[in-house]
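See structure below.
The values are calculated or read from the model by the stated rules, or taken from the named source; none is laboratory data. Since the model is a prediction, treat every value here as computed from it, not as a measurement. Here the Cβ positions follow ideal geometry from the backbone for every residue, glycine too, while neighbour counts run over all protein chains shown. These accessible areas exclude ligands, DNA and RNA; they are computed on the full protein's heavy atoms, side chains included. Shrake-Rupley method; radii C 1.70, N 1.55, O 1.52, S 1.80 Å.
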Amino acid sequence: MVPIARDMIIDSIHDGVIVLDNADTVMEINPAAIHLLAGERKRLIGARMRDLIGRKNDRIAITRAESGEILSIQAFENGEVVDYDVRTYPISDKGGLVQGRVILLRDVTAQRQLERELRELSSIDHLTGLMNRRTFFLELEKHIRLARRYRYQLTVCMLDLDRFKELNDRYG
């Protein structure tokens, strides 16, 4: 019963699961990961991971850590971007020797979209579409530091319009 339950769980979860040996050869893969890699199970099993997500793949963009470990993947499907968070877990034998690893791919598209929206809401004035006061001062500080660092002149011009709210409300 346990192997059947395991197969049902692995095959039905929405997260991609890829099992690799020490040579980064795909030993097992679930349907969600097969969909991400746009392949067939027969072709993917036994393939090297780097060949499946190589740099020339125009369907997948990869973000790596300094160590080279994959942190996130963006897949471009039917004109839409799907963001995946990547987690890697070692597979060790009873003696503690690492025999391979499991890669979990979680779809975090909705979360990343929400993060982008929150960043925009925190920095843009919704009425004018211009940066808000907080963002203006952060940008100003950044440009002052750059001007000092590279020793170039910086001019800041402030314009105060009387009754601007009335104009904006009337004419947009």
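Okay, here's what the table says:
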item	result
From the C-alpha gyration tensor of segment 1-70, square roots of 5λ in Å	23, 13, 12
Highest-fluctuation residue, Asn78, Asn30, Asn22 considered, GNM on the chain with Cα pairs under 10 Å	Asn78
Residue-by-residue Karplus 3J(HN,Hα) for segment 155-161, coefficients 6.51, -1.76, 1.60, Hz, glycine and proline x	10, 10, 10, 10, 10, 10, 9
Alpha-carbon centroid distance for the pair segment 56-120 / segment 127-161, whole angstrom	36
Magnitude of the charge dipole, segment 84-164, Cβ model with Lys/Arg +1 and Asp/Glu -1, debye to 20	460
Accessible-area composition of the chain, carbon plus sulfur, in percent [1.4 Å probe]	55
Taking segment 48-162 and dividing mean pair separation by its residue count, relative contact order in percent (alpha carbons under 8 Å, at least six apart)	11
Label-point gap, in nm, between Val108 and Asn22 - each point 7 angstrom along Cα→Cβ	3.1
Cα-centred dipole magnitude for the chain, charges only on beta-carbon of K, R (+1) and D, E (-1), debye, nearest 20	680
For the chain, built as a Gaussian network whose Cα springs stay under 10 Å, the top-fluctuating residue of Ile144, Ile60, Ile29	Ile144
The chain - Rg over Rh from alpha carbon coordinates, Kirkwood radius	1.20
GluC sites (Glu not before Pro), loop per DSSP, at most 16 other Cβ atoms within 10 Å - longest free stretch of the chain	70-172
Listed residues Gly16, Gly39, Gly129, most fluctuating in the chain (Gaussian network, C-alpha, under 10 Å)	Gly129
List Ser67, Ser122, ordered by accessible area with a 1.4 Å probe, largest first	Ser67, Ser122
Per residue value of the accessible surface for the chain (all protein chains in place, 1.4 Å probe), Å²	79
Inter-label distance for Arg163 and Leu97, nm, one decimal - labels placed 7 Å from Cα along Cα-to-Cβ	8.6
